[in-house]
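One structure is given below, encoded as structure tokens.
The values are calculated or read from the model by the stated rules, or taken from the named source; none is laboratory data. Predicted model only: the values in this text are computed from it and were never measured. Please note: Cβ atoms are built from the backbone with ideal geometry, for glycine as well, and neighbour counts cover all protein chains shown. The area values use the complete protein model at the heavy-atom level, side chains included, leaving out ligands, DNA and RNA. Shrake-Rupley method; radii C 1.70, N 1.55, O 1.52, S 1.80 Å.
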Amino acid sequence: MQEKYNHKEIEKKWQKKWREDNLYKTSDKVKGKDNFYALVEFPYPSGNLHIGHWYAFAVPDIFVRTKRMQGFNVMFPIGFDAFGLPAENAAIKNKINPRDWTYQNIAYMEKQLQSMGNSFDWSRKVVTSDPEYYKWTQWLFLKLYEKGLTYKKKAFVNWCPSCNTVLANEQVKDGRCERCETEVVQKDLEQWFFKITDYAERLLSDLDGLKWPEPIKEAQRNWIGKSEGTEISFQLISSSKQQVASINVFTTRADTLKGATYVVIAPEYEWLQKEILNPKSEITNKSEIQNYTNQTKNKTEIERTNEKKEKTGVEIKGIKAVNPASGEEVSIWVADYVLGNYGTGAIMAVPSHDERDLEFAKKYNLPIKEITPDWSLEKFGKKVTKYKLRDWLLSRQRYWGCPIPVVYDPEGKPHAVPEDKLPWLLPDDIKDFAPKGESPIATSKELKKRVEKTFGKDWQPEYDTMDTFIDSSWYFNRYADPHNDKEFSSKEKMKKWLPVNRYFGGAEHNTMHLLYSRFFHKALFDLGLVNETEPFSERMNRGLILGLDGQKMSKSRGNVVDPDEVVEKVGSDTVKMYLAFIGPYNETGQYPWDLGGVVGIRRFLERIWRMSLELKDKSLEEKKLQALSSQLSASLHRTIKKVTEDIENYKFNTAISTMMILLNELEHISKVSKMPFDTFETFLKLLAPFAPHMAEELWCREDAHLGKSIHLEEWPRFDESKIREENTVIVVQINGKIRAQFEAKIGISEEKARTKSLEMPDIQKWLTGAEIKKVIFVPNKIVNFVV
């Protein structure tokens with residue numbers, strides 16, 4: 001074996017060997033082994049991996065390798081979430097086809113991912129932009145369409161002027177596009193939606209049974225936003241005292257109805273929009289109201305409901321509402337802080353019991369009525385349940401996405417593309433991919449000809465593509481059966497793997513990918529296409545790696561760490577171990593990239609390498625070895641126990657610290673005696689998930705291990721009896737203050753401990769001339785003399 005730890009040579013050698021041997025290719029069933037499905041969120045092929053990708057993929061591999069050594073039949077697949085705006089925007093900038101850009105990046109990123117030395121099963125790779133994959137995305141869309149869970153309607157939607165496409169509510173952050181941070185505006189467009197609201201209650205109630213961290217579940221509960229309350233009808237009368245309509249308000253406090261001093265409706269409230277256009281309406285300030293509602297169209301829901309924003313509104317003059325409990329006439333206002341798609345789109349305002357209503361009432365000098373809550377007032381309403389969750393907007397006015405498999409007849413009625421025509425391919429005759437407010441697909445002559453040839457003259461294609469979150473809402477099912485050209489995934493194979501045992505990901509997907517995937521899976525369950533109602537048994541979120549400047553890594557800040565450069569210098573094993581060492585992996589903290597820490601891990605690995613060389617040169621001194629074996633055995637088994645428990649709990653950092661402590665002991669022992677090689681072999685097995693290349697190299701240098709990978713070895717087991725210490729330290733106190741200590745056998749009696757203490761010179765000098773009034777004995781810990 002070479003004297004120097006040459007990571008380049010070693011890592012290249014073993015990555016090649018593992019690929020040739022298909023070491024990590026998973027069979028659907030192995031006799032005597034339970035299946036275990038470990039999953040990481042598949043990457044977007046953005047061009048090259050950054051250190052965040054390494055944190056996302058390399059660290060979970062530690063857990064996966066351990067599970068495999070513990071006897072599980074582990075599936076750890078990988079693929080690419082390949083459709084979407086970044087590829088399209090980059091292709092436009094570089095004046096190439098998004099398809100070419102994407103697949104060039106996939107090829108490059110595959111090499112980078114393989115340089116990690118992860119135990120991915122590459123035979124199960126899926127790419128969402130492959131027609132073989134998106135055929136089934138379209139098929140699933142049509143199944144939900146048949147079920148009535150997909151529909152098209154005209155609605156106010158979030159519009160990004162930069163990306164020139166609509167966005168789901170979940171893709172708007174603080175009023176800006178999540179992708180490009182451009183301020184989002186509202187547009188009234190006809191779009192396709194998924195009826196995720198039909199599953200609101202199940203998405204909420206089924207969270208209770210999931211083994212997920214509470215913050216993830218709470219984020220979904222808040223986003224679904226269940227409210228149980230009451231609908232109460234307010235009659236509307238004109239200035240001539242004629243009844244003109246009624247408004248149903250939604251409230252969670254029906255008991256405060258007598259304190260309602262005005263009513264507020266949303267700018268998009270249907271009755272109001274009709275009244276503005278009605279020439280016979282008795283509203284006297286239509287133009288003022290119309291101007292206000294037009295201004296509202298440029299605001300997002302997040303802007304409108306921001307509690308810090310000053311409330312604005314316009315009174316609807318000429319019409320009043322009647323409080324059904326008091327009979328009083330109250331004013332009606334239109335205000336943008338009330339949303340048309342939440343509750344009923346109308347509220348009763350009780351300023352004496354609601355801070356928001358009080359703020360509005362004070363601004364516009366509206367009555368504030370002090371009342372005593374009265375639950376008998378619930379007789380005026382019916383009990384209802386409302387949700388904040390909105391239906392999932394899936395249309396995108398861009399090219400690089402899964403085509404929506406719908407065509408329109410000459411009357412404009414939508415029709416599903418027949419299954420035998422799937423995949424309904426993206427046209428490839430597009431010349432200009434720049435967004436112009438409608439999908440570039442609208443310029444395709446090939447698509448128009450295809451539609452007319454298939455369906456008839458004057459039939460029209462759907463030009464919009466699907467939200468890429470649809471592609472990732474079922475990809476984990478495809479991994480179970482990635483080469484099936486007859487089904488999206490067979491129920492038999494999914495039954496062997498689903499639900500996913502452990503899913504590693506990022507907190508940014510709590511209310512997008514995770515929620516969408518749960519909805520999709522439940523819908524597929526109802527269609528009889530999957531075996532269970534939840535896709536992921538356990539989920540955990542990782543933290544965030546910061547740049548050298550302590551800020552979130554960003555190309556614009558110039559603080560992005562290129563992992564290729566670091567791997568070139570110190571090796572893949574070092575980078576993986578450093579990322580595992582920076583903090584608990586299942587806590588969403590922020591960890592700065594520290595070159596000093598990287599160097600420290602490299603030195604740790606080099607010490608292991610040197611020890612492996614020294615072990616061959618030491619002569620055996622049997623007597624010394626026997627004297628040390630009990631202490632060494634206890635340390636080794638404590639380490640096995642701690643490392644095993646820490647890996648299971650994602651505390652990879654403390655597992656590494658424990659191995660460092662053991663290495664210190666092994667180095668000390670190797671200076672005075674030859675260590676048993678089986679002890680070092682056990683240490684290597686513990687190291688193997690963390691530094692897979694080095695561990696494999698040191699393992700396979702032994703003749704006895706030729707041709708046997710360490711990663712297929714059995715994980716070490718600890719012996720509880722060997723962990724128990726033979727000796728303990730007894731602390732001797734006088735009046736509660738420590739004055740001495742001594743080592744004794746565990747289980748020493750009180751009499752012997754007291755006698756031993758009194759023989760100690762340090763204790764004798766403190767007790768000279770004193771009367772011992774009491775002796776307090778804590779077994780195996782303390783002797784306390786009270787004088």
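What to note about this one:
- Cα-Cα separations in segment 685-787 greater than 21 Å, expressed as whole percent: 55 percent
- The stretch between residue 484 and residue 111, if pulled fully straight at 0.36 nm per residue, gains 131.7 nm over its current Cα-Cα span.
- For residue 360, neighbours were defined as the other residues whose beta-carbon sits under 11 Å from its Cβ, and their charges (Lys and Arg +1, Asp and Glu -1) total -1.
- For segment 153-256, the set of trypsin sites (Lys or Arg not before Pro) satisfying both a DSSP loop assignment and a count of at most 14 other C-beta atoms within 10 Å is given as 241.
- Counting all C-alpha pairs of segment 478-597, share separated by more than 18 Å (%): 65 percent
- Taking amide H as placed 1.01 Å from N in the peptide plane, residue 121 has its amide H under 5 Å from the amide H of 76, 78, each at least 5 places away in sequence or on another chain.
- Principal-axis analysis of the Cα atoms of the chain puts helix 85-94 at an angle of about 90° to the longest axis.
- Calculated P(r) of segment 340-468 - Cα pairs past 23 Å, %: 57 percent
- 3J(HN,Hα) from dihedral phi, segment 267-283, Karplus parametrisation 6.51/-1.76/1.60, rounded to Hz, x for glycine, proline: x, 8, 4, 4, 4, 5, 4, 5, 5, 4, 8, 7, x, 8, 5, 8, 5
- Phi-based couplings in Hz for segment 349-358 (Karplus 6.51, -1.76, 1.60; Gly and Pro marked x): 9, 10, x, 6, 10, 8, 4, 5, 5, 5
- Antiparallel bridge percentage (DSSP; both residues within the chain; nearest 5): 75 percent
- Between the Cα long axis of helix 214-224 and the first principal axis of the chain there is an angle of about 10°, rounded to the nearest 10.
- Listed residue (494, 351, 395) projecting farthest to the positive dipole end of the chain, Cβ model: 494
- Cα-based helix-to-principal-axis angle, 677-687 vs the chain, degrees rounded to 10: 10 degrees
- Links that overshoot a 29 Å alpha carbon limit, given the list 722/752; 173/522; 211/491; 522/641; 431/457; 258/363: 522/641
- Alpha carbon centroid spacing (whole Å) that separates segment 103-164 from segment 433-497: 9 Å
- When the residues 610, 396 are ordered by accessible surface, computed with a 1.4 Å probe over the protein chains alone, the sequence from largest down reads 610, 396.
- Once C-alpha pairs closer than 8 Å and six or more residues apart are averaged by separation and normalised to the residue number of the chain, the relative contact order reads 14 percent.
- Entry note: the chain has Rg to Rh equal to 1.09, where both radii use alpha-carbon atoms and Rh is the Kirkwood radius.
- Magnitude of the charge dipole for the chain, about its Cα centre and with charges confined to Cβ atoms of Lys, Arg (+1) and Asp, Glu (-1), is about 660 debye.
- Take every Cα pair under 8 Å whose residues are at least 6 apart in sequence, average their separation, divide by the length of segment 470-532, and the relative contact order is 40 percent.
- All aspartates and glutamates inside 19 Å of residue 383 as judged from Cα atoms, apart from same-chain residues fewer than 8 positions distant: 198, 201, 228, 231, 255, 374
- Relative contact order (percent, whole number), segment 1-145, Cα cutoff 8 Å, 6+ residue spacing: 31 percent
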